[in-house]
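Visitor: I am attaching a structure below and will ask some questions about it afterwards.
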Amino acid sequence: MKILLLGSGGREHALGRALVADPSVTELHAAPGNPGLAAIATLHSTDPASPVAVVDLAQLLHVDLVVIGPEAPLVAGVADALRDVGIDTFGPGKEAAVLEGSKAFAKEVMQAAGVPTADARVCMTRGEIEAALDEFGAPYVVKNDGLAAGKGVVVTDDRVEAIAHAESCGRVVIEDFLDGPEASLFAICDGERALPLLPAQDYKRVGDNDEGPNTGGMGAYCPLPWADEGLAQQVMDEVINPTLAEMCRRGTPFVGLLYAGLALTSKGLRIVEFNVRFGDPETQAVLALLKTPLAGVLHAAARGELDTVGELEWRDGAALVVVEAAEGYPGLPQPGGAINLPEDEPDAYVLHAGTRVDDGQLVAAGGRVLGIVGRGADVDAARANAYGLLDRVDYADGFHRTDIGIPH
Ligand code: GLY
């Protein structure tokens with residue numbers, strides 16, 4: 001099978017590794033990819049968010065499947081354009097991608113599907129913002145209604161900060177705060193059916209002990225030793241399957257990865273948000289444990305044939321990823337710092353995210369630069385393996401959290 005993978009981050013490097021490990025994959029192409037993907041795929045400089053350019057490339061390469069990593073191409077309608085010309089595609093169409101593109105739309109679908117979620121108000125004016133903040137009280141949860149690459153959410157006790165963020169968003173969703181730990185559950189969906197991946201947890205704040213601003217995610221681990229064994233099935237029954245049925249009823253079936261951001265609150269399971277693509281960096285941890293060849297599963301989902309795939313199989317133990325970011329992230333990251341990487345080990349390896357090669361030297365080219373993955377018999381062992389390898393990464397301009405995998 002020939003596959004074209006769209007995107008360039010750590011998530012895409014993890015997806016690429018899992019795809020080429022599938023014996024049915026004969027060629028992997030990536031657009032635009034990164035230096036990590038360059039070692040396992042042919043890279044193309046095509047704009048992944050341009051439907052015309054991606055269709056041209058997929059046709060030129062005669063690929064059997066396109067796998068879409070980030071949200072921007074999905075919202076731009078790249079999956080629709082590919083399906084229109086008969087190319088199997090893993091990723092939702094533009095209308096289904098609005099589940100991530102608009103928090104207000106997601107709330108409406110959740111309400112129609114009976115999915116448990118936080119109470120919320122959609123606000124446009126200063127008066128509406130202040131009324132919603134006063135109705136729910138602190139801590140204030142303020143979400144940009146549009147796409148913000150995982151950075152549009154502010155949770156704060158500071159009313160002035162909450163108002164400032166809300167006013168910078170235009171259309172904004174203000175929600176009741178959900179107590180209890182958060183977790184992510186990904187489901188591979190074929191429009192009607194879905195298969196759950198392992199529950200994972202990510203670390204959204206930039207600093208140790210969850211201090212500092214929100215980021216796209218500074219690390220993650222899976223599975224969750226503290227969670228109920230039935231969690232994945234509960235999310236399938238209460239969230240994923242009803243949402244797929246509601247999307248079908250609306251005539252916009254969801255094909256791709258449905259990411260349920262969960263809060264396990266004192267009042268029970270609640271959905272914080274949906275995303276319509278693999279999470280970054282949770283995917284780097286989750287795929288480290290997947291035994292079932294990934295390409296066959298994504299191809300079956302793209303063709304509406306997940307009933308031909310059995311339950312996914314997993315390695316025993318745990319996996320963990322630590323993100324190495326460029327100094328300044330999530331503000332203005334310092335570009336260009338030189339990076340020298342150690343050799344991968346059987347249970348620890350480096351994934352590239354924001355890197356590029358300048359005159360033969362690997363350098364930083366983004367906020368989140370690397371993801372260091374460790375596997376082990378449990379979360380502590382996976383953590384020791386990841387941080388052990390990270391200690392040997394030579395990147396003077398980088399920083400990372402030191403508490404990934406320690407429950408918070
Ligand atoms: N890990 C958060 C995200 O992918 O948006």
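Visitor: Given a cut-off of under 8 Å on Cα pairs at least six residues apart, what relative contact order in percent is computed for the stretch 221-346?
Guide: With pairs under 8 Å counted, the relative contact order is 23 percent.
Visitor: Turning to a different aspect of this structure: Which FRET efficiency, nearest 0.05, do Glu108 and Glu135 yield, Cβ-Cβ r, R0 25 Å? Spell out each step's value before the answer.
Guide: Values: r = 19 Å, r/R0 = 0.77.
It comes out at approximately 0.85.
Visitor: If you don't mind, there's one more thing I want to ask. Using r as the Cβ-Cβ distance of Arg83 and Lys267, and R0 as 51 Å, what FRET efficiency do you calculate, to the nearest 0.05?
Guide: 0.80
Visitor: State the extension gain, in nm to one decimal, for the chain segment bounded by Thr402 and Asp378, taking 0.36 nm per residue of separation less the distance between their alpha-carbons.
Guide: 6.9 nm
Visitor: On to the next question. Please name whichever of Ala200, Met236, His299 sits farthest to the positive end of the charge dipole of the chain, dipole taken about the Cα centre and charges placed at Cβ: Lys and Arg +1, Asp and Glu -1.
Guide: Of the options given, the answer is His299.
Visitor: Still on this structure, I have one more. Can you list residues from other chains, or at least 5 along the same chain, whose modelled amide H is less than 5 Å from the amide H of Gly279?
Guide: none
Visitor: Compute the length gained on full extension between Asp316 and Arg303: take 0.36 nm times their separation in residues and subtract their Cα-Cα distance, giving the result in nm to one decimal.
Guide: Values: separation 13, 0.36 × 13 = 4.68 nm, distance 2.98 nm.
Gain on stretching Asp316 to Arg303: 1.7 nm.
Visitor: Using Cα-Cα distances under 8 Å and only pairs 6 or more residues apart, what relative contact order does the chain have, in percent?
Guide: Values: 1021 pairs, mean separation 67.3, N = 408.
Relative contact order comes out at 17 percent.
Visitor: Further question: In nm, give the distance between the simple-model label positions of Asp228 and Ser24, each being 7 Å from the Cα along the Cα-to-Cβ direction.
Guide: Each label point lies 7 Å from its Cα, and together they span 3.5 nm.
Visitor: Counting heavy atoms of the protein chains only and a 1.4 Å probe, report the per residue accessible area for the chain as a whole number of Å².
Guide: I get 39 Å² per residue for this part.
Visitor: Using a 10 angstrom cutoff on alpha carbons, build the Gaussian network for the chain and name the most mobile of Asp378, Asp280, Asp158.
Guide: Highest fluctuation among the options: Asp158.
Visitor: Which of these, Asp88, Asp190, Asp22, has the largest mean-square fluctuation under a Gaussian network model of the chain (Cα springs below 10 Å)?
Guide: Maximum fluctuation in the GNM of the chain, among the listed residues, is at Asp22.
Visitor: Please give the FRET efficiency for Leu332 paired with Arg159, using the beta carbon to beta carbon distance and R0 = 25 Å, rounded to the nearest 0.05.
Guide: So, using R0 = 25 Å, E works out to roughly 0.40.
Visitor: Taking the chain, how many lysine pairs are there with alpha carbons less than 27 Å apart, if each pair must be eight or more places apart or span two chains?
Guide: Going through the chain pair by pair, I get 21.
Visitor: For the chain, which whole-number percentage of the solvent-accessible area (1.4 Å probe, protein heavy atoms only) is attributable to carbon and sulfur atoms?
Guide: It is 49 percent, rounded to a whole number.
Visitor: Assuming a ≥ b ≥ c are the square roots of the Cα gyration tensor eigenvalues, decide whether the chain counts as rounded (a/c under 1.5), prolate (otherwise, with a/b larger than b/c) or oblate. Don't jump to the answer; show the numbers that get you there.
Guide: Working: a/c = 1.39, a/b = 1.14, b/c = 1.22.
Rounded, because the longest to shortest axis ratio a/c is under 1.5.
The values are calculated or read from the model by the stated rules, or taken from the named source; none is laboratory data. The structure presented is a predicted model; accordingly, all values stated were derived computationally and were not measured. All Cβ positions, glycine included, derive from the backbone under ideal geometry; neighbour counts span all protein chains shown. Heavy atoms of the whole protein, side chains included, go into the accessibility calculation; ligands, DNA and RNA do not. Shrake-Rupley method; radii C 1.70, N 1.55, O 1.52, S 1.80 Å.
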